[in-house]
Amino acid sequence: MTDSVLTKTEGGVGYLTLNRPEALHALNFDMCETILAALRVWAQDPAVHLVVIDHADGSRGFCAGGDIAMLRESGMSDGKQARAFFAEEYRMNAVIKAFPKPYLSLMDGVTMGGGVGLSVHGSHRVATERTLFAMPETGIGLFPDVGGGWFLPRLRGELGTWLALTGARLKGADVAAARVATHFLPSELIPNLKLQIAEADFSAGAAEMLGEILSRLTHTIPMGSFETHMETINTCFAGDRAEAIVAALEAEGSEWATQQAETLRTKSPETVKVALRQVREGGACETFEDNMRMEYRIGWRKVQSSDFLEGVRAVIIDKDHAPKWSPDTLEGVTDLDVAKYFEPLGENELSFD
């Protein structure tokens, strides 16, 4: 257990407070272990009617992701620590997805990577004007994991494919307009929301009571700023070939489409192709657990890939933002290069025990 996540129960509510402000509450193994253990207990505890997850008062960000530096260090050796982290994190994601009671995440600030996995699979998700959502993994040679293969293709049209491949950021109300969040309210009302939750009686109809509280405080969700580009997104990001997506964007010719094509060409070519197959296969998965087994297969191998080690070096370690990808073009990545990430792991497959 760790003090990087504070847990308590009070008034029928289980509280999870991320408390690693120096790292924007980025997840490590101990944090996932603590959250997973608490949720397993609270799921069975009749005295707990609702779970709220937020971050420590006065700190920036909800959760910036996972402990990328640890993953790289592990990947440079035997990969065991990274794989143990993925296993614990993915089990936690699965428990959140299947949680039998209302699960409210307060996505007030940076919500990326692992932070998305902590929030998006729960029943109630509040964004504020400070929310900054992204799955930026193709820029470091990783992949949009933590259930990205499940929730991204289930967003409207090809919105999830665009987010997965480009790492595009959604801000504020756009997070709710995309239905990544279920509610939107000004951050100044978060203390009021917490107070009303603390004073409410959730013993008879927790979901209804929470819905009533949220309806009194949340604002109407405006049209997303991405809406003007949805036709282009749906047309250009369809299909299973990354080269065809870039070609379609370039052929479309608008300034926005050209920017997306240019962005894609800065990402790890191998990872763009892996992520595209991930969201296509994840969209066809019948269960969340099946998706997470697929992602574990990718993660098992990705942490030791040359593009991941190089991407983290360029963005996180040396910060020169000039990664040298291998291969360095989409055309140089073969179907076999991609397929190896999806092969079964035999006795090492992810279990949910």
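The values are calculated or read from the model by the stated rules, or taken from the named source; none is laboratory data. All figures in this text were calculated on a predicted structure; none of them were measured in a lab. Glycine also receives a Cβ, built like all others from the backbone with ideal geometry; neighbour counts cover every protein chain displayed.
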Query raised in the report: Among the residues of the range 279-310, which ones are among the acidic types (Asp, Glu) and either in a helix (DSSP H, G or I) or modelled with pLDDT under 95 (or both)?
Result: Glu281, Glu289, Asp290, Glu295, Asp307, Glu310
Query raised in the report: Taking the range 82-105 as the region of interest, how many residues are in contact (Cβ under 8 Å) with a residue 60 or more places away in the chain and either more than 23 Å from Met209 (Cβ to Cβ) or part of a loop (DSSP other than H, G, I, E, B) (or both)?
Result: 14
Query - Selected residue (only one of Asp30, Asp108, Asp78 is touching a Lys or Arg at 6+ places or on another chain (Cβ under 6 Å), among the acidic types (Asp, Glu) and either touching a residue at least 60 places away in the same chain (Cβ under 8 Å) or surrounded by fewer than 20 Cβ atoms within 10 Å (Cβ to Cβ) (or both)) - result: Asp108
Query raised in the report: What are the residues in the range 319-353 that are of a type in the set (Asp, Glu), at pLDDT 95 or above and either closer than 27 Å to Ala84 by Cβ or surrounded by 12 or more Cβ atoms within 10 Å (Cβ to Cβ) (or both), if any?
Result: Asp328, Asp337, Glu343, Glu347, Glu349
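Rundown of residues vs (1) in contact (Cβ under 8 Å) with a residue 12 or more places away in the chain; (2) in a helix (DSSP H, G or I), yes/no style:
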residue	(1), (2)
Lys194	yes, yes
Ser203	yes, no
His229	yes, yes
Gln259	no, yes
Glu262	no, yes
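Which of the following residues is buried (at least 21 other Cβ atoms within 10 Å of the Cβ), of a type in the set (Gly, Ala, Ser) and assigned to a loop (DSSP other than H, G, I, E, B): Gly61, Gly14? Spell out how you get there, then give the answer.
On the way: Gly14 fails: assigned to a loop (DSSP other than H, G, I, E, B).
Only one candidate passes the filter, namely Gly61.
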Query - Of all residues in the range 264-287 being over 16 Å from Thr161 (Cα atoms) and without any contact (Cβ under 8 Å) to a residue 60 or more places away in the chain, the one that is surrounded by the fewest Cβ atoms within 10 Å (Cβ to Cβ) - result: Glu286
Query raised in the report: Of the residues in the range 201-247, how many are over 30 Å from Ala275 (Cβ atoms) and either modelled with pLDDT under 95 or of a type outside the set (Phe, Trp, Tyr) (or both)?
Result: 19
**Report entry** Residue ID - surrounded by the fewest Cβ atoms within 10 Å (Cβ to Cβ), chosen from residues in the range 165-223 that are of a type in the set (S, T, N, Q) and under 30 Å from Leu264 (Cβ atoms)
**Finding:** Thr182
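Can you confirm whether Ala198 is within 30 Å of Val51 (Cβ to Cβ), modelled with pLDDT under 95, of a type in the set (A, V, I, L, M, F, W, C) and more than 23 Å from the chain's Cα centre (by Cα)?
On the way: within 30 Å of Val51 (Cβ to Cβ): yes; modelled with pLDDT under 95: no; of a type in the set (A, V, I, L, M, F, W, C): yes; more than 23 Å from the chain's Cα centre (by Cα): yes.
No, not satisfied.
Could you please give the count of residues in the range 64-75 that are outside any loop (DSSP other than H, G, I, E, B) and either touching a strand residue (DSSP E or B) at 6+ places or on another chain (Cβ under 6 Å) or without any contact (Cβ under 8 Å) to a residue 40 or more places away in the chain (or both)? Before you say what the answer is, go through the steps one by one.
Of all residues in the range 64-75, those outside any loop (DSSP other than H, G, I, E, B) come to 66, 68-75.
With either touching a strand residue (DSSP E or B) at 6+ places or on another chain (Cβ under 6 Å) or without any contact (Cβ under 8 Å) to a residue 40 or more places away in the chain (or both) added as a condition, the list becomes 66, 73.
Here the count works out to 2.
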Query raised in the report: Is there a residue being among the charged types (D, E, K, R) and touching a Ser or Thr at 6+ places or on another chain (Cβ under 6 Å) anywhere in the range 95-116?
Result: yes
Query - Scan of the range 17-27 for residues that are crowded, with 19+ Cβ neighbours inside 10 Å and either on the phi > 0 side of the Ramachandran plot or among the β-branched types (Val, Ile, Thr) (or both), ordered by number - result: Leu24, His25
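When you scan the range 288-303, do you find a residue that is among the small types (Gly, Ala, Ser), free of Cβ contacts under 8 Å to residues at least 40 places away in the same chain and in contact with a helix residue (DSSP H, G or I) (Cβ under 9 Å, 6 or more places away or on another chain), even just one?
No, the conditions are met nowhere in the range 288-303.
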**Report entry** For Ala244: the one exception among (1) under 26 Å from Gly299 (Cα atoms); (2) part of a helix (DSSP H, G or I); (3) of a type in the set (Gly, Ala, Ser); (4) touching a residue at least 40 places away in the same chain (Cβ under 8 Å)
**Finding:** (4)
Query raised in the report: Could we say that Val116 is within 30 Å of Ala177 (Cβ to Cβ), surrounded by fewer than 23 Cβ atoms within 10 Å (Cβ to Cβ) and out of contact with any strand residue (DSSP E or B) (no Cβ under 6 Å at 6 or more places or on another chain) here?
Result: no
